[in-house]
Every structure is written in structure tokens, then in C-alpha cells.
1. Between residue 381 and residue 501, what is 0.36 nm times their sequence separation minus the Cα-Cα distance? Round to one decimal in nm.
2. Just by accessible area at a 1.4 angstrom probe, what is the order of 627, 65, 556 from largest to smallest?
3. Among the trypsin sites (Lys or Arg not before Pro) within segment 397-446, which fall in a DSSP loop and have no more than 13 other Cβ atoms within 10 Å of their own Cβ?
4. Which length gain, in nm to one decimal place, applies between residue 265 and residue 241 when the Cα-Cα distance is subtracted from 0.36 nm times their residue separation?
5. What size of dipole, in debye to the nearest 20, comes out for segment 54-206 about its Cα centre when the only charges are +1 on Lys and Arg C-beta atoms and -1 on Asp and Glu C-beta atoms?
6. Out of the total accessible area of segment 93-213 (probe 1.4 Å, heavy atoms of protein only), what percent is carbon and sulfur?
7. Among the helices of the chain (complete DSSP H runs), which have Cα atoms covering no less than 30 Å along the helix axis and a Kyte-Doolittle mean of at least 0.0?
8. With every protein chain in place, what's the accessible area of residue 64 (1.4 Å probe, Å², nearest 10)?
Amino acid sequence: FFSSSPQGTMIRGQTLRIVQLVARAPGAAAGAPRSRLFLQGRHGGFSTLSAGLQGKVDAFKRDIEKHLPANGKDVVFATAWLATDNVFVALMREHFPEVLNGMNLVAIDTLHLFPETLVCAKEVQEKYGKPALWKMPQDVSTREEFELKWGDVEDMDSADFDYVSKVEPFQRALAECNKDILITGRRMDQAAQRITLDVWEDGKRTLNPMADFSWSDIIAYVDAKGVPINRGHNYAFRCSAPIEATKRHLPDLPWTKVDLGKPFWKVTEAELKGSPPATITYVFKSFGDTHTTVPVEPHESERAGRFVRQAKTECGIHTRTTSAGAPHGGGLVDLIVKDAAEAKSLVSSAVKTIELNERQACDVFCLVNGAFSPLQGFMDETAYDAVVKGMRLPEKQLFGLPVTLDLADVSGIKTGDKLLLRWAGEDVAVLEASSIWKPNKVVEAKECYGTSSLEHPTVHSLIAEQGAYYVGGKLHGIKSPAFKYPTQTPAEVRANLPSGKDVVAFQNRNPIHRAHFELLKCAQRDVDNSILLVHPTCGPTQPGDIDGLVRIDTYEALRKETEQEFPMFRWAYLPYSMKMAGPREAIQHMIIRKNFGATHFIIGRDMAGTKSTITGDDFYGAYDAQETGKKFSGELGMTVTHYENMVYVGPEEGY
């Protein structure tokens, strides 16, 4: 086990020096020292850990024992070969070798990684004896092939690159691994959006065992245990003046790149800055793709150098990876405040009360109960702009239409104020106003509805009737809004769905008729052994539509008439205000039904379509909604079950 050398002692191939630390026991005489021996590795770190770090390692061990099966079966760890990821693998090899052996280590080669990242990956796999399951973008294996298929990354939409290079390959890997539990290397100190990161996310079945570790904990463990890390940490970029972060990925910048010979955190400030001292020095604290990752100042967060030139702050693997039946964004949002004292405090802290109309109350229902997951409240201006212009949230998740609270007057309301929202005489939510603005509704209409014509009934309402201002912010649910018809939340519907079965959702804003029902029977037969979720919208629609309560009467009559013959049908009613936005509303409905547990979604002819109030001409093509739904079905993990038309052709063949 031990062997001698002039430089020190060899232990399993690593050169170490025996270091004696001398300390006096409390009250001992000056001449009565106690000594303790430590083994110091070639990286200069001690193999023992500080009490604080050892405490976090102990908590890590408890979390692994609590949440992971002993054989590692159906467990997936997503690694980007970052320092935290590599420390996780090292911890697992030391403390849970059988779990590590049985679990899956998944890595994505986007074909745009740093060369040093691939070297680091090889070292980690070899040192800990754990090969990774590698995936690349579909049907390509080199950067040249990638560019032939999708073009240069600088010309691609960032959401498209994110999906084809990371999300889609990762989803393939999860399916291949039969993933039950996903492990990430995310930590709370990495960025503001991770500040409340839970170690165990039950709704997502995701374990974040490194959540409580800090950057200093990670590098201390790296140094103490000789964990392989990216050699890019050794580089310093010395400049005479600051360089804008959005330009630090460019070639031929006015800086001097220096190899320090060791990680930047192990050198002195003088060694880092050089001689004469550089005005500013950048280092790599994290590594992603070469075109979106830049060096930062040593005191900055690891995430400060990631996703530059992009609005998003998270990798799509964490925000866009999905599977059939999973909520949009990974977890079902529940904004209802459970503590009565906290709810009372929120209500009393409100500076103004807003009486909601039915359309707004429907939005509050969908927000507080998670039908609009992953939204945590009414969209702020940044999210609104992103959805209006690109049909995506800032983190690049699809979202069909903006969800906003419109007010005619915002005088006396300022950012940071809490607003009490009331509906039908009850307190339903408190809104923390983080964004107040006057939108360009003509742009909103053109982008979301495909027209700014007031002949479109919803565009007319948007511009001529709804409030001129929007207020966005986090929502705290006090009580789920109640309506004159029975409603079920996504959690309640999900609880009534049998596990392991596909769920086909049907959306309709009209009274149900015979052709509708025949379509339902057809869809349920086409998707083998499935459940059919009949889920009509019952809120406001367009002028001239039949009242929601009357529509529900038709569904209730049919439910009672058919429940014995069709036990595989489930019925629920959704408070949602139709926008008649055609293709983009089809995406909105797919997301809502995904949050209710559906795996398939029926899109019929002219879904969410409308006509000119003057000429009667259609605003959308008969199958525009179907085509849009099919285009994004893979990304949403929702299969579009489409039917061009359902007609009666006589008593022999029926519908």
C-alpha cells in the first residue's frame, strides 16, 4: 500500500508528503504538544476535510441513502464535467460505489464543447471507473455535419440550438435509461434563480445533492481529494481594460492568455495578475459551449460567464427536458398558500384591492393551481416581450400566449406593492407587483393573433376594451377562484388518472354534439389502452358563443348517459378564457393539458379559429393549428392526435 520515494510516499500511485501539524491541548504545558499527521497530495491539499465541509459530505450521504435505490437502478446523473459534477462522482465512488455502478452517467456532446472539457471527461471516467452514456445531436457526429444540417451556431436561434444540441439528445438518453430519478449538480450559490433550490424535488423526482455546497466547498474538495477538473481553470486572460462580456467569445481580443500551471484559485493575486500587474484579469469558472461561455473576474459567480448574449440563465436540460405526462417545465406549480397566518399577513399587507372580471379570474385559477406551469404569476415585461415576439419564456420554454393582468389605471401602484385580487366577493390571491408597463397592443395583436384588425373579436377586446396597463409579478394564492360550475385542479385530475396509461385530451369551447362524441370514441380507440380526458373550456369566449353553463349542461348530460359504457372517459371543466388565437392558442391548450396529465392532444379542424366580424372570412387556415401543434409536439412531449373532419356517411358506416 505504501512505498517510499525521495519526494514523499506513494499511495495507490499518488505522491504524497507526510505533514505534521502541532497543536497544544487546552491547558497543556507549552512543552507538551500534540501532533497529528495528514497526507498532502501533489495538488497541495490535505486528504482530510474541514468540519464544515465534512458536515456537508455527511448530509450528502444521508440524502443519497434516503432518495436513491441501493442498486442505482433507473437513476440518471446529468454531467457537464464541471467541478461540481466531478466532485459528485468522486463522492459516489468513495461512499456509494454500488449505487454509482448501477446508475447512469449521461453526458451530452453538443459538438461545441471546449477541447479541455472532453479531456476532463476522459480523466473522470478513467479515474472513477464509470463510463458515461454519451449522446450527440440527432444523426450527426461532427461539427461539420452539424453545420451542414442546422447551419452555423451564430446564425441559429438560441432556442433551436438548445433543443437540437442538448434537450433532444438528453430526452433520448433518459428514455434509453428508463429514467425514474434524475440527479443534477446544481447548487444554491450559483445564481439567483437557484437560491431556493430544494435537495429533493418530489414533483420532478429530481435530486440536487450538491445544493448546499458552495463554490469554495467544491474547490476545497477538489484540492483535498485530487478530483480531476477542467484544465481551462488554469488559464488567465490579462487585459489593460475591461472587455464587455458579450464580446469575450470573439477571436483576437486585446488580452494575453497565460497558462498558470495550476487552477486560478491556487495562485496568489500577484501570480494571477502578472508583472507588471494587469488592470483586469479574467478566468474560466465554468464551461459550456464555446460560443456561449466566457471567462469572468475571479470574484464573479460561475454562472456569470454562461449563456452570454442570451436572455436565459439555465441550460435547457434543466428547464425544457420533458417526457409524456410530465408537467411543462418539469414540475407542477402550486401557488396556494397553505399557512393560514401567512395568508392573512399577505392580505393585510396589500396596498390596493383589484376586483377581477371573469376573464382575469380564470387566469388566476390557472396560475395558482399550475395549469399555466411553469409560470409563478402574471408575466413581467421581460417574459411578456419574450412570449409575444418568440412564443417562448426567457428560459426558452414554449408558451403560446402572454398571461397578463390588465388594469385601466395604475396610479398609486408602484413596483414592490402587493395587490389583493378579489373575485365574486372572495379574496383569491395577492400579487407582488414587480413590473408595471404600458404595452404596445398593436404589436401584441399582430404577433399573437396574426392580425391587428379590429374585425378579430379578441383583438378588438384587447385594444378597445381591456386595460391599457399590465402589472406582472409573483402570485400568492389565497383561495382558488370558484365558479358556477364544478372545477378540478391539475393535481386533482392527475390523481384520478391511472398510472402507466396514455391520456388523450379533448378541448372544446362549444356544446358537445354527436360528431364530437364519435371523434372521442375514435381517438380513444386509436391510442391503444388509453384514457380519454374530456376537458372543455368554460370561461368567456367570443361574442355570440353559447354561455358556459349551458355548454356544461350538454357535457354533464352526455357524461351521465355514457359513463357505464365508457368507463375509460374522464370529465373535467376548465375555467379558461378563449382567445381565438388559432395556431398559437393550440400550443397554449397543449401546455395546459400537459399540466393536467395528458400525453396526447386532439386537434380538430380550425381549432381556436374565428372569423371577421364584418366579412365572415376566416383568420386562420383550417389546419394551421394542427400543423403548429405537430411542429412542437416533440418538444412538448405531447402527441397530436389530429382529425381533419368527422362526418356522418350513412347508417351502415356511421361517422
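The values are calculated or read from the model by the stated rules, or taken from the named source; none is laboratory data. Since the structure is predicted, the reported quantities are computational estimates derived from the model, not experimental observations. Positions of Cβ are generated from backbone atoms using ideal geometry, with glycine treated the same way; all protein chains shown enter the neighbour counts. Heavy atoms of the whole protein, side chains included, go into the accessibility calculation; ligands, DNA and RNA do not. Shrake-Rupley method; radii C 1.70, N 1.55, O 1.52, S 1.80 Å.
1. Working: separation 120, 0.36 × 120 = 43.20 nm, distance 3.92 nm.
The span from residue 381 to residue 501 would gain 39.3 nm if fully extended.
2. Numbers: 627 100, 65 125, 556 45 Å².
Largest accessible area first, the residues go 65, 627, 556.
3. Values: sites: 414, 418, 422, 441, 446; in loops: 414.
Answer by residue number: 414.
4. Working: separation 24, 0.36 × 24 = 8.64 nm, distance 2.19 nm.
Answer, rounded to one decimal: 6.4 nm.
5. Numbers: 20 positive and 28 negative charges, 173 e Å.
Dipole size: approximately 820 debye.
6. Working: 2740 of 5470 Å².
Summing carbon and sulfur atoms, their accessible area is 50 percent of the total for segment 93-213.
7. Working: long enough: none.
Both cut-offs are met by no helix.
8. 0
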